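Structure record follows, encoded as structure tokens.
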Amino acid sequence: MSGNGGKSFEGKVVLVTGGSRGIGRACVLAFTKAGATVVFSYAGNEAAANETLEAVKAAGGKAQARKFDVADTAACTEAVDAVVKEHGRLDVLVNNAGVAIDGLVMRFKDEDWDRTLDTNLKGAFALIRAASRPMMKQRAGAVINLSSVVGEMGNAGQAAYAASKAGLIGLTKSLARELASRNIRVNAVTPGFIGTDMTAALPEEAKKRMLDVIPLGRLGGPEEIASSVLFLASDAASYVTGEVLKVNGGMYM
Ligand code: NDP
């Protein structure tokens, strides 16, 4: 930490994908409260993106929203280039944008498989590829990938989602090795069951079954994931790379 209290990210530039809602919004708020300038992406929910911007403004922070599809690799490169052009650097990349398309494998469509993998895994790859250039030049950087407990445990009806999230763990560990010599740290967080739009869509019965297997006996809050992301991005984690940090209330150990 830089010793300036709560503003440990003062002067830092952070890119968060999927910052309009849920965990991504909590990350945007946490980084801006810590003094960072944050650019966040969203897929199309303009109203939610504006709510994030309002919340940042109300707390006295600095953020910008940018609409692009993370499954579009050219758009990912453009976004990183635009951040570096405007702000002169990129210190932290948080690959948070994700979709969960559920269904049993025997009926699962090719297009749903592709959309899941392209959004959750290819998007992260494309953004890291683009971000690695400015980070290498700076000889510093931190990447945090939002994987999932489902990528660690598997889950019936979530084969595509689990494959994308397990893929992010392999990507994290490989790039942690590949980029370490340039002082770029790459880590993953595997959230358990977190209260966001993604989990609100689950049937009541499924939610009840999930709570039964969480030792802490409750859902996590998006801000409880954001605080782990902030830790991994911070100097407090300067010797942490290739780590997969479980934040799941004890659901999977
Ligand atoms: P939400 O569904 O609440 O929000 C998803 C965010 O991603 C939105 O900002 C959305 O933008 C954006 N997004 C979706 N698709 C794209 C795309 N193709 N291009 C750009 N942005 C996109 O998700 P959560 O906050 O619940 O989850 C965030 C991450 O954490 C995901 O990767 C998820 O898999 C992971 N996770 C979540 C858990 C949970 O329990 N909630 C558990 C484990 C992992 P828009 O608002 O415009 O649609």
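Let me have the relative contact order for the stretch 1-131, percent, based on Cα pairs under 8 Å that are six or more residues apart.
Values: 226 pairs, mean separation 33.8, N = 131.
The value is 26 percent.
The packing ranking, built from the mean of other Cβ atoms within 10 Å per residue, places the peptides 193-206, 19-32, 123-136 in the order 19-32, 123-136, 193-206, highest first. Extension gain, Arg209-Ser238: 0.36 nm per intervening residue step, less the Cα-Cα distance, totals 6.6 nm.
In this calculation the C-beta distance from Arg107 to Asn45 is compared with R0 = 41 Å, giving a FRET efficiency of 0.90. The angle between the Cα long axis of helix 73-87 and the longest principal axis of the Cα atoms of the chain comes to about 30 degrees, rounded to the nearest 10. 3J(HN,Hα) along the stretch 140-147, derived from phi through the Karplus expression 6.51 cos²θ - 1.76 cosθ + 1.60 where θ = phi - 60°, amounts to 6, x, 9, 10, 10, 9, 7, 8 Hz, with x in place of Gly and Pro. Amide H contacts of Val16: Val39, Phe40, Ser41, Val94, each under 5 Å away and 5 or more positions distant or on a separate chain (H built 1.01 Å from N in the peptide plane; Pro and chain starts excluded). Here's how it looks for Ala63: its modeled amide H is under 5 Å from those of Val38, which are all 5 or more places away or on a different chain. The peptide list 78-84, 179-185, 211-217, put in order of mean Cβ contacts within 10 Å with the highest first, becomes 78-84, 179-185, 211-217.
Look at the dipole of the chain built from charges on Cβ: of Thr116, Ile128, Met251, the Cα furthest out on the positive end belongs to Ile128.
Phi angles of the stretch 90-103 translate, via the Karplus equation with coefficients 6.51, -1.76, 1.60 and θ = phi - 60°, into HN-Hα couplings of 9, 9, 9, 10, 10, 8, 10, 4, x, 10, 10, 10, 9, x Hz per residue; Gly and Pro are given as x.
Between Gly11, Gly242, Gly35, the Gaussian network model of the chain with springs among Cα atoms under 10 angstrom shows the greatest mean-square fluctuation at Gly11.
No value in this document is a laboratory result; all are computed from the given coordinates. As the structure is a computational prediction, the values presented were derived from the model and not from experiment. Every residue, glycine as well, gets a Cβ built from its backbone with ideal geometry; the counts of neighbours run over all protein chains shown.
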